[in-house]
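Since every read-out is calculated from the coordinates, none of them should be taken as a lab result. All of these numbers come straight from a predicted model, not from anything done at the bench. Virtual Cβ from ideal backbone geometry, glycine too; neighbours counted across all protein chains shown.
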Amino acid sequence: MATDHQIPASKQQQPGSSAFKLVIYEQENFQGRCHELTGPCNDLQEAGVEKVGSILVLCGPWVGYEQASCKGEQYVFEKGEYPRWDSWTNSRRSDTIVAFRPIKVDSQEHKIVLYENPSFAGKKIEIIDDDVPSFHAHGYQEKVSSVRVQSGTWVGYQYPGYRGFQYLFEKGEYKDSGEFGAQIPQIQSVRRIRDMQWHQRGAFHPVN
């Protein structure tokens, strides 16, 4: 769906509407043509989206990708407003989003284990039902080469304070850093992803 004006009525979640809903505006501050997504899109340009200028997440969470077919740098979006590109990333490498997909959040429990070396070897840090803004504060260095997610959905960050490149971790095993999309095996903070629709207390509010 594409229109040439804002759709403020959509800002209110309607009963019986999709479990996932995101509106892309081609200009900053929710201006210009808008396009609504309720499911995955591997190539926004093929869907008629010329540029992603701002994003309104009505029901999420979602992950956006720098390249088509869900590749390249990742950007995690939870319910809320993102008026320009620096409200969803501070990595400064790219302001381009070409693909989106919803993130399934089906667990209230959260457990993740991050390992220094590939194939789950070396030193490790285990995190259960908590957000960790700095691994150094917990006595763990920054090298993370493999990850095991036992429950919940997480996002790891290259730097402390939830900054830098973002890496989405869904339930499963990531035997080396390439499997979670990292060019270098470095993660220094991690937090849980919760569906704000149901977990208001766990809502994440970025601080610019």
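Summary table below
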{"read-out": "Chymotrypsin sites (Phe, Trp or Tyr not before Pro) restricted to DSSP loop in the range 15-78 with at most 11 other C-beta within 10 Å", "value": "none"}
{"read-out": "Extension gain (nm, one decimal) between GLN45 and VAL113, 0.36 nm per residue minus Cα-Cα", "value": "20.8 nm"}
{"read-out": "Linear extension gain, LYS124 paired with ARG93, 0.36 nm per residue minus alpha-carbon span", "value": "8.3 nm"}
{"read-out": "Volume in Å³ per residue [convex hull over Cα atoms, computed for the range 21-102]", "value": "71"}
{"read-out": "In Hz, Karplus ³J(HN,Hα) per residue of the range 36-46 (6.51, -1.76, 1.60; θ = phi - 60°; x = Gly, Pro)", "value": "9, 10, 10, x, x, 9, 7, 8, 5, 5, 5"}
{"read-out": "Calculated FRET value between GLU179 and ASN29, using beta carbons and R₀ = 25 Å, to 0.05", "value": "0.10"}
{"read-out": "Spatial extent of the range 111-192: Rg and Dmax, with the Cα atoms as the point set, Å", "value": "10.7, 27"}
{"read-out": "The range 72-101: trypsin sites (Lys or Arg not before Pro) in DSSP coil with no more than 10 other Cβ atoms inside 10 Å", "value": "ARG92"}
